[in-house]
Amino acid sequence: MTSVTRQQSHQLDTINRRLPIVILAMVVASALLLLALASFQWLSPEVDREFRQRGLANTTSVETIPAERGLIYDRDGEPLAFNQIEYRFGVSPNLVTDPATVARELALILNLDEFDIYRKITTTTGPWVLITTEGPVSAEVAQQVLDNEELSLPTRGERVWRRFYPQGTLASQILGFTIDENATGAMGLEAYYNDQLAGRAIDEVVSTVPLYAPEAVDEVRQQGMDLVLTIDRDLQFLVESRLAQYVAENNAQSGTIIVMESRTGSILAMASSPTFDPNNFINANAELLTTPAITNTYEPGSIFKILTVAAAIESGTVDENWTYNDTGSLEAASIVVQNSDRKSYGIRNATEVLVNSLNIGVATMAMEMGPDLFYQAMRRFGIGALTRIDISGEASGILKEPGESDWSESDLLTNSFGQGLSVTPIQMITAANAIANDGLMMQPRIVQQRIVGDDVQNIEPVVLRRVIGIDTAHAVRDMMVQVVLDPNGANLAAVPGYAIAGKTGTAQIPNAVGYEEGTSIASFIGFFPADDPRVTVLIRLDRPAGYWGSRTAAPAFQDLAEQLVLYLAIPNDTVRLNLAAQGGHTSTVR
C-alpha cells in the first residue's frame, strides 16, 4: 500500500474543508434556477405575450385571411355565384436541401417553368417565396403537391377563395365579377354589395416553417352576406336566349330586355346582348363589362309619348273631349315639328295621337301644359334621376329644364316625343310601370333577401310615390291597348287571348352634328294583362336593319310575351273573367 505524503495530506484536508461550501453554493444556485423557471408559469399576461411574440417573430408572419365571400342565389335558391377553394404554394428556401429536385417536381405538378422555380428557390433571401405567381391552383393539384415526399418539408400551401359562376354567362351583367386575390367586386351586384359580401377577415399567425399549423388571433372571421335575388334563373335563361335571337334576326348591333313584376317592381329578368362570361372576364371585350340596362343612356323616342300624354291628362290639359288639328307641321320656338311620316292627320283626339304616334300631337299637349307642369311631371316620373337600383354603375340620364343655361323653349317640344333628353332602360321601364301600377311608382328591386348566418332580412317592395292618379293611369292604359289593336299601329305585338297595353318607339341616334342617317334604336314597352297587369316588359334593339320599332321590337315583344304567359302561368282574358266571376285567382306569377 502506497503511503500518503505530507503534501498530499494537506491537499485532501483543504478539499474536505471547502467541499461543504461548494455543495451549498450549488444547492443555492439550483434553487435560484428552479425559482426562475417556476416564475415563468405565473408571468403576467402582458409579459408572457411579449415573450411569446419574441419567440414567434423569427419563425412566423401575420397574414390577413379573407372571410368566405357571401353567396348569390336566384329567387328559388339556385346558386348564381359561389366560392371554390384553391391553393397558393410557396417554398421555404432554408429547408430545401436539393433545389433542383424540388424545382423539377413542382414544375411537373404545377405546369410551371422549372428554371424559374429553381431561380426563385436559390436566389431568395427571405424565409418564404411564392411559386404560384400566375394564380392559385385547384384542390386536386394541391393534393398532388402535398402527397409528394420530395416537397412535403419545404413547401407550404395557402388556401384562398376563388369566385365561381356556375351558370356561366347567365345574368353576368347583373352579377358582375370579382378581381384580385381579395375577390373585390368590380361591377354589378358584386361591386354594389362588395363590403357586405366580403364579410370580416381575420389575422392569422402563419409559421414560416411549414411543420406548424396556423394560429388564429385577435378577430373572429365572419362569412359574407348572402343575397337572394328577385331574378328567376330559368326565366333569365329564356330572356337571354330570346334576346340573342332577336338581335341576330334583326341584324342589330345589340339589345336589352327587362321583365318587371308590375305590382312590386321586382326584376324577374334583365339581359343585354352581347354579354360575357364572368369566369373568364379577363378575355372579354372591355365594352361588355357593364350593365347596359342601367348604364347605357339613349333618346327613347316615341315610347316616351305615353309619359307626355299621362302628364297632360293628369294636369287637366287633356280630357276625353280634347282634340287638335294636325296640319303636318308645327312651327314654334324657332323650330318646325313634323310627324315621323311627314303626313298631316287633321282633327285628332288623344287616343289617336298615341295610336298614330304623332309628334305634333304630343308637342301640342306640351305647349298647352307649359314648361312648369310638363317638367314637374317628368321629375315625378323619375326622368333625369337615378332609380337607385342596387347595382353599381347606374347612370341618371339627362333632362334639361327651364332655368338651365342650355335649355330653350324648343326643348319642351322635342322632349315631348322623347328627343333632346336621355334615359336608361331601367328608368324608362320604371316610369312606364307607374302607369301599369295604377299611378304608383315602385322602386326597382333586384334583391329580395339579405342573409347573414341565421339572420334573414326580407327586402319588401317599396312605393316611391304616386306619379299620376288611378283614373289617369287607366285612361293611358286604355289608349295603349288601342295602340296594339290598331292594324296600322303596333299590332305585331298582339298576343291572342290577352289584352296588351303597349307603345312602340323608333328613336334617332344623336351624333356630333345632329343625328345619324339610317340608324335607330327600336323599342317596345308594354304590360299585360292590360286590365290587371302582372308583368311590364321593355325591349330595345340598337341599330336594327328593320329600323322601325313596329317592325322589329313589336314582333319580338309578341314572341316573348307568348313565352311569359306560359312560364308565369297567366290565364288568358276569358279564363280570368270566368275565374273572377267564380271568386278565384285571376292570374299567377311565380
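The values are calculated or read from the model by the stated rules, or taken from the named source; none is laboratory data. All of these numbers come straight from a predicted model, not from anything done at the bench. Cβ: placed from backbone, ideal geometry, glycine included. Neighbour counts: every protein chain shown.
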Selection count, the range 509-526, where residues are among the polar types (S, T, N, Q) and crowded, with 19+ Cβ neighbours inside 10 Å:
2
Conditions (1) more than 28 Å from the chain's Cα centre (by Cα); (2) surrounded by fewer than 24 Cβ atoms within 10 Å (Cβ to Cβ) -> residue 445 fails only (1)
Would you pick out the residues in the range 93-144 that are at pLDDT below 90 and hydroxyl-bearing (Ser, Thr, Tyr)?
97, 124, 125, 132, 133, 138
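Which of the residues spanning the range 75-92 are modelled with pLDDT of 95 or more and more than 20 Å from residue 194 (Cβ to Cβ)?
75, 76, 77, 78
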So, residue 268, is that one outside any loop (DSSP other than H, G, I, E, B), assigned by TED's automatic domain parsing to the domain that holds residue 375 and either touching a residue at least 12 places away in the same chain (Cβ under 8 Å) or within 23 Å of residue 451 (Cα to Cα) (or both) or not?
no
I'm told residue 529 meets every condition in (1) out of contact with any strand residue (DSSP E or B) (no Cβ under 9 Å at 6 or more places or on another chain); (2) buried (at least 16 other Cβ atoms within 10 Å of the Cβ) except one. Can you identify the failing condition by its number?
(1)
Criterion: more than 28 Å from residue 532 (Cβ to Cβ) and hydrophobic (A, V, I, L, M, F, W, C) - qualifying residue of 238, 289:
289
Just one of (1) within 29 Å of residue 551 (Cα to Cα); (2) assigned by TED's automatic domain parsing to the domain that holds residue 515; (3) outside any helix (DSSP H, G or I) trips up residue 257, so point out which.
(2)
Taking first residues from the range 467-481 that are buried (at least 16 other Cβ atoms within 10 Å of the Cβ) and second residues anywhere that are basic (Lys, Arg) and part of a helix (DSSP H, G or I), the pairs with Cβ under 9 Å that are 6 or more apart or on different chains are 467/380; 468/380
Output the residue which, of all residues in the range 136-146 that are touching a residue at least 12 places away in the same chain (Cβ under 8 Å) and not hydroxyl-bearing (Ser, Thr, Tyr), is surrounded by the fewest Cβ atoms within 10 Å (Cβ to Cβ).
139
Residue match in the range 439-447 (condition: assigned to a strand (DSSP E or B), in the same structural domain as residue 378 (by TED's automatic domain parsing), without any contact (Cβ under 8 Å) to a residue 24 or more places away in the chain and under 21 Å from residue 260 (Cβ atoms))
no
Residue 315 polar (S, T, N, Q), at positive phi and out of contact with any His (no Cβ under 8 Å at 6 or more places or on another chain)
no
So which of 357, 334 ends up being surrounded by 15 or more Cβ atoms within 10 Å (Cβ to Cβ), farther than 25 Å from residue 185 by Cα and touching a residue at least 40 places away in the same chain (Cβ under 8 Å)?
357
Residue match in the range 169-179 (condition: of a type in the set (A, V, I, L, M), assigned by TED's automatic domain parsing to the domain that holds residue 109 and part of a strand (DSSP E or B))
no
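Here is a check on your reading of the model: is residue 312 within 41 Å of the chain's Cα centre (by Cα) and either in a loop (DSSP other than H, G, I, E, B) or in contact (Cβ under 8 Å) with a residue 40 or more places away in the chain (or both)?
yes
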Considering 295, 291, which residue is in contact (Cβ under 8 Å) with a residue 60 or more places away in the chain, surrounded by fewer than 19 Cβ atoms within 10 Å (Cβ to Cβ) and either under 30 Å from residue 191 (Cα atoms) or not assigned by TED's automatic domain parsing to the domain that holds residue 543 (or both)?
295
Only one of these conditions is not met by residue 344: (1) part of a strand (DSSP E or B); (2) out of contact with any Phe, Trp or Tyr (no Cβ under 8 Å at 6 or more places or on another chain). Which number is it?
(1)
Pick from 522, 434, 512, 499: which is of a type in the set (A, V, I, L, M) and without any contact (Cβ under 8 Å) to a residue 24 or more places away in the chain?
512
In the range 83-131, residues that are in a strand (DSSP E or B) and either among the charged types (D, E, K, R) or more than 26 Å from residue 162 (Cβ to Cβ) (or both) total 2
